[in-house]
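All of the numbers you see were taken from the coordinates with simple rules; none came from a lab. On a predicted model such as this, the values are computed, not experimentally measured, just so you know. Cβ sites come from the backbone with ideal geometry, for glycine too, and all protein chains shown count toward neighbours.
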Amino acid sequence: MATIDQNVETETRSESLLASAGYFARRYPLGAAGAVIVTTFVLMAIFAPWITQFDPTQTNPRVSLAYPGGAHPLGADFMGRDMWSRIVYGARISLAVGVARPAWAACSV
């Protein structure tokens, strides 16, 4: 009859976070691309006051329908509001709703 030795030392592999991320990127390239996109949006939303130079609700009729470039990287809308600022601050609102919605749904059960 065979016996099983229960005291065998198992080899523990301590991988760094960078090595795990590299494995994930090689194994699931579309998932890695999605993670990069989501991380970019989250960082843009967090650092919105520092990466924009205009208030997203402030109007300026002198730059109404401005073309992209210069001070307005994505141009301005018909009321003269900077489109880059509006997109970045809109990401903040979208992420806040996305985070609050699951918490709200859990409370209403």
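Return the calculated 222 nm mean residue ellipticity for the chain, to the nearest 500 deg cm²/dmol, obtained by summing -39500 (n - 2.57) across DSSP H runs with n ≥ 4 and dividing by the residue count.
-17500 deg cm²/dmol, from helical runs alone.
Give me a comma-separated list of calculated 3J(HN,Hα) values for segment 69-85, in order, Karplus coefficients 6.51, -1.76, 1.60 applied at θ = phi - 60°, integers in Hz, x for any Gly or Pro.
x, x, 6, 10, x, 10, x, 9, 7, 5, 9, x, 8, 5, 6, 4, 4
For the pair V42/V99, report the inter-label distance in nm, with labels modelled 7 Å from Cα in the Cβ direction.
Each label point lies 7 Å from its Cα, and together they span 0.9 nm.
What relative contact order, as a whole-number percentage, does the chain give when Cα pairs under 8 Å and 6 or more residues apart are counted?
Normalised by residue count, the contact order of the chain is 20 percent.
What are the semi-axes of the equivalent ellipsoid of segment 13-64, taken as the square roots of 5 times the eigenvalues of the Cα gyration tensor, listed largest first and rounded to whole Å?
They are 39, 13, 6 Å, listed from largest to smallest.
For the charge dipole of the chain, defined by +1 on Lys and Arg C-beta atoms and -1 on Asp and Glu C-beta atoms about the Cα centroid, which residue among V38, Y23, A71 has the Cα displaced farthest towards the positive pole?
A71
Rounded to the nearest whole Å³, what is the per residue volume of the convex hull around the Cα atoms of segment 17-107?
159 Å³
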